[in-house]
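Report on the following structure.
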Amino acid sequence: MSIEYRFRCSDEFFAAAFAKYRKQLWWYGAFRLLKFIAALLLLGFAAFFALRHRFFAATGYLAIALLLVLAPRLDAWLLRRRLRKSPYHNDDAVVRISDEGVSVRGRSSEVRMDWSVITKARRFADGLMLFQGPHVFHWLPDSAFTGGSPSEAENLVRSRVTDYR
């Protein structure tokens, strides 16, 4: 049995993949909440110093709070910039998963991996994420299916990867 995904490695694809990656991190929700609380505190300090006519200190606190608030946009811009330099940018990829393993083929590359290389897998409502270690992953959206079905892919990956959720 072979299940196939086809997709273009575009900016939108990579943005969705990294959003899913962050979503599965256990600490990321708490990190975002902590950033929000820190931004509120810094805005409070800025207001306090502005009321005391210490505008230089108020401007510094305000600038740091603004950086915390704008960090996701800055992060997205840096991610797009970095990925546009990748040789895989806008490449059409074909990913096949089968009993033998996972294969990824693009215009200028082809990679075959045994299931022992896949250390964990995470199922999302709209796709599957396969990991090779802690930070290397492959995002397989359900919308990219060309052969097989999401339930077949889920059953195959569940039977081959021990850390599946």
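Quick one: how many residues across the range 42-81 are basic (Lys, Arg), over 30 Å from Cys9 (Cβ atoms) and either at pLDDT 85 or above or surrounded by 12 or more Cβ atoms within 10 Å (Cβ to Cβ) (or both)?
The first filter runs over the range 42-81 and keeps only residues basic (Lys, Arg), leaving 52, 54, 73, 80-81.
Adding the requirement that they be over 30 Å from Cys9 (Cβ atoms) leaves 52, 54.
Subsequent filtering for residues that are either at pLDDT 85 or above or surrounded by 12 or more Cβ atoms within 10 Å (Cβ to Cβ) (or both) retains 54.
Residues flagged as basic (Lys, Arg), over 30 Å from Cys9 (Cβ atoms) and either at pLDDT 85 or above or surrounded by 12 or more Cβ atoms within 10 Å (Cβ to Cβ) (or both) within the range 42-81 amount to 1.
Here are Arg81, Arg96, Arg107: which of them is over 30 Å from Glu154 (Cβ atoms) and charged (D, E, K, R)? Steps first, answer last, please.
Working: Arg96 fails: over 30 Å from Glu154 (Cβ atoms); Arg107 fails: over 30 Å from Glu154 (Cβ atoms).
After applying the criteria, what remains is Arg81.
Within the range 52-165, considering only strands (runs of 3 or more DSSP E) that don't extend past its boundaries, which have at least 2 residues that are of a type outside the set (A, V, I, L, M, F, W, C), under 19 Å from Arg6 (Cβ atoms) and within 22 Å of the chain's Cα centre (by Cα)? Don't jump to the end; show me each part of the working.
On the way: elements: 92-98, 101-105, 110-114, 120-124, 127-131, 137-141, 145-147.
Filter on the range 52-165 gives 92-98, 101-105, 137-141.
For the range 87-112, give me each residue that is without any contact (Cβ under 8 Å) to a residue 24 or more places away in the chain and either surrounded by 12 or more Cβ atoms within 10 Å (Cβ to Cβ) or not basic (Lys, Arg) (or both).
Our first condition is that a residue be without any contact (Cβ under 8 Å) to a residue 24 or more places away in the chain; within the range 87-112, this holds for 87, 100-101, 103, 105, 107-112.
Selection gives Pro87, Glu100, Gly101, Ser103, Arg105, Ser108, Ser109, Glu110, Val111, Arg112.
Show the residue pairs that are 6+ apart or on different chains and have beta-carbon atoms under 7 Å apart, the first residue being within the range 1-21 and at pLDDT below 85 and surrounded by fewer than 16 Cβ atoms within 10 Å (Cβ to Cβ), the second being part of a strand (DSSP E or B) and of a type outside the set (D, E, K, R).
Cβ pairs passing all conditions: Met1/Ser98; Ser2/Ser98; Ser2/Gly147.
Taking Ala39, is it touching a residue at least 12 places away in the same chain (Cβ under 8 Å), part of a helix (DSSP H, G or I) and more than 21 Å from Leu140 (Cβ to Cβ)? Show your work before the answer.
Details: touching a residue at least 12 places away in the same chain (Cβ under 8 Å): yes; part of a helix (DSSP H, G or I): yes; more than 21 Å from Leu140 (Cβ to Cβ): yes.
Judged against the criteria, Ala39 is a match.
The values are calculated or read from the model by the stated rules, or taken from the named source; none is laboratory data. Since we're looking at a predicted model, the values are computed, not measured. Glycine also receives a Cβ, built like all others from the backbone with ideal geometry; neighbour counts cover every protein chain displayed.
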